[in-house]
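S.K.: The structure follows.
The values are calculated or read from the model by the stated rules, or taken from the named source; none is laboratory data. Since we're looking at a predicted model, the values are computed, not measured. Cβ: placed from backbone, ideal geometry, glycine included. Neighbour counts: every protein chain shown. SASA here: full protein model, heavy atoms, side chains in, ligands and nucleic acids out. Shrake-Rupley method; radii C 1.70, N 1.55, O 1.52, S 1.80 Å.
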Amino acid sequence: MNTTVTRNPCKLCSPLGASLVFKGIRGTIPLLHGSQGCATYIRRYFISHFREPVDIASSNFVETTSIFGGAKNLCEALENINEQYRPEIIGVATTCLSETIGDDVPLFLNNFLKKKGSETFPDIIFVSTPSYSGTHMDGFHSAVKSIVEYYSHLCESADSSFFGDRSEKSVAVFPNFVSPADIRHLKEIILDFGMKPVFVPDYSQTLDGVSWNKYEKIPEGGTSRENLMSLREASFLLELGNSLTGMDSAGKFLESKFGSKNYGLGLPIGIDLTDDFFNSLKIISGRKIPEKYIAQRGRLVDAYCDAHKYLFGKKAVVFGEEDMVVSIAQFLCEIGVIPVLCASGAKGSEMRKALQQLSQKYKNEIVIRTKADFVGIEEEAEILKPDFLIGNSKGYTLSRKLGIPLVRVGFPIHDRFGASRILHLCYKGTQELFDRIVNAIVAKKQSESEAGYTYM
Ligand code: SF4
């Protein structure tokens with residue numbers, strides 16, 4: 001269907017992705033250059049998903065700023081943040097408004113630091129995030145790259161090293177937009193292979209922390225400045241997400257600058273993709289896969305067999321972030337479910353390629369929609385008649401309309417509790433996801449049956 005407008009897009013705004021990355025860097029305050037509403041919207045999304053307090057500053061555009069430019073506002077915002085938070089880093093991202101009027105933010109920052117003296121001020125990292133030309137994932141990947149580039153310049157003259165000798169098998173991990181629980185799980189796995197990981201970003205603690213006795217303006221945790229300066233020492237780089245193969249990514253940048261080998265892998269969901277992930281770790285570390293993960297894999301295979309009768313031939317609609325969509329679609333094919341419609345708001349050229357290959361491999365008809373919106377997804381879903389949906393909370397309206405379950409994954413999840421602790425990745429995360437899918441199908445059958453079966 002051809003439309004010229006987007007109605008309820010299947011994506012979120014670019015500075016949201018950048019702000020999430022900044023929340024995963026120790027001592028950092030994100031600052032959005034634009035109007036207050038953008039910061040409020042992003043804070044609201046983070047707070048209702050992660051259930052943590054989230055501070056995001058704004059340079060607070062008003063009518064006159066939109067006409068005469070935002071240099072003065074930006075400088076005032078930087079001063080205020082420095083005074084009130086004393087951060088180590090300020091992460092500046094643009095909004096649609098400041099991009100549209102053409103504010104030259106790098107120039108503003110340069111002038112500001114010249115005047116103030118860069119030694120007396122926190123590090124300021126800038127990322128351009130025009131939301132009208134990208135998704136939250138574009139903002140996310142751009143912010144990761146800006147941070148890595150910024151510290152790669154600084155670290156050339158520094159002598160601090162987290163990793164130490166390259167022979168220690170250190171690995172810099174770019175985990176993509178996954179849950180705090182996923183980041184913790186990936187860390188555990190890499191440590192079990194005897195390697196030292198640095199995650200960029202790492203919001204496993206800042207956005208899923210412990211209770212406090214008093215309010216912390218900047219929560220504990222996140223990738224430290226020292227570790228960012230030591231990325232040049234990483235023996236290997238691990239970049240998760242199929243879409244990064246077609247991008248000028250942080251991993252590729254570090255590989256070309258410092259010579260560490262970059263492993264680009266799909267998000268490890270399902271057995272095939274998780275096997276790829278573990279086999280890469282085996283090669284990188286030179287160690288065997290630890291027994292506990294072999295046991296997790298074994299239990300997952302057993303569960304696939306046990307639940308085959310509930311799932312075989314079922315149809316699903318998958319939507320959300322493109323890398324998550326590709327990996328979940330592959331996992332669904334593996335368990336005998338047909339991902340009849342895969343949709344993302346992203347431009348998604350890598351997603352399209354990967355799903356076309358999947359469609360050929362499993363001989364499944366998959367309708368692929370990039371730059372998708374929820375009105376289009378609904379129209380397709382009404383024709384395709386899926387048994388369930390898998391994606392974020394924005395799909396609830398559709399699930400209610402079609403009377404089918406929504407298995408919640410990704411972001412945002414603001415109509416359920418515990419989104420930070422949803423595990424999606426590796427054998428353990430796949431097991432949890434698999435059990436949730438099977439139970440969603442079984443629960444629907446049970447609730448529709450007049451007999452009131454207690455055995456299903
Ligand atoms: S105006 Fe642009 S930057 Fe602001 S919230 Fe909307 S999409 Fe995001």
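S.K.: Return the residue satisfying two criteria in turn: it lies in segment 124-157 and is among the hydroxyl-bearing types (Ser, Thr, Tyr) and in a loop (DSSP other than H, G, I, E, B), and of such residues it is modelled with the lowest pLDDT.
M.R.: The qualifying residue modelled with the lowest pLDDT is 157.
S.K.: Which number in (1) farther than 30 Å from residue 371 by Cβ; (2) open to solvent by 40 Å² or more (accessible area, probe 1.4 Å); (3) at pLDDT below 95 marks the one condition that residue 121 misses?
M.R.: Going through the list (1) farther than 30 Å from residue 371 by Cβ; (2) open to solvent by 40 Å² or more (accessible area, probe 1.4 Å); (3) at pLDDT below 95, residue 121 breaks only (2).
S.K.: Suppose we filter 59, 48 for residues that are within 16 Å of the ligand (Cβ to nearest atom) and open to solvent by 10 Å² or more (accessible area, probe 1.4 Å); which single one remains?
M.R.: On the way: 59 fails: open to solvent by 10 Å² or more (accessible area, probe 1.4 Å).
Of the residues listed, the single one that is within 16 Å of the ligand (Cβ to nearest atom) and open to solvent by 10 Å² or more (accessible area, probe 1.4 Å) is 48.
S.K.: When the residues of segment 82-109 are narrowed to those that are surrounded by 17 or more Cβ atoms within 10 Å (Cβ to Cβ) and acidic (Asp, Glu), which ends up farthest from the ligand (Cβ to nearest atom)?
M.R.: Out of the qualifying residues, it is 103.
S.K.: Can you give me the number of residues within segment 337-389 that are open to solvent by 20 Å² or more (accessible area, probe 1.4 Å) and among the aromatic types (Phe, Trp, Tyr)?
M.R.: Summing the residues that are open to solvent by 20 Å² or more (accessible area, probe 1.4 Å) and among the aromatic types (Phe, Trp, Tyr) in segment 337-389 gives 1.
S.K.: Given the criteria at pLDDT 95 or above, on the phi < 0 side of the Ramachandran plot and outside the structural domain of residue 418 (by TED's automatic domain parsing), does residue 234 qualify? Please lay out each step first, then the result.
M.R.: Numbers: at pLDDT 95 or above: no; on the phi < 0 side of the Ramachandran plot: yes; outside the structural domain of residue 418 (by TED's automatic domain parsing): yes.
Spelling it out, it is not the case that residue 234 is at pLDDT 95 or above, on the phi < 0 side of the Ramachandran plot and outside the structural domain of residue 418 (by TED's automatic domain parsing).
S.K.: For segment 2-45, what are the residues that are more than 16 Å from the ligand (Cβ to nearest atom), outside any helix (DSSP H, G or I) and either at pLDDT below 95 or under 13 Å from the mean Cα position of the chain (by Cα) (or both)?
M.R.: Within segment 2-45, the first condition is being more than 16 Å from the ligand (Cβ to nearest atom), and the residues that meet it are 2-4, 23-29.
Cutting the leftovers down to outside any helix (DSSP H, G or I) gives us 2-4, 24-29.
2, 3, 4, 24 - these are the residues of segment 2-45 that are more than 16 Å from the ligand (Cβ to nearest atom), outside any helix (DSSP H, G or I) and either at pLDDT below 95 or under 13 Å from the mean Cα position of the chain (by Cα) (or both).
S.K.: Okay, moving on. Here is a list of conditions, (1) over 24 Å from residue 144 (Cβ atoms); (2) within 15 Å of the ligand (Cβ to nearest atom); (3) among the acidic types (Asp, Glu), and residue 79 meets all of them except one; can you say which number that is?
M.R.: (2)
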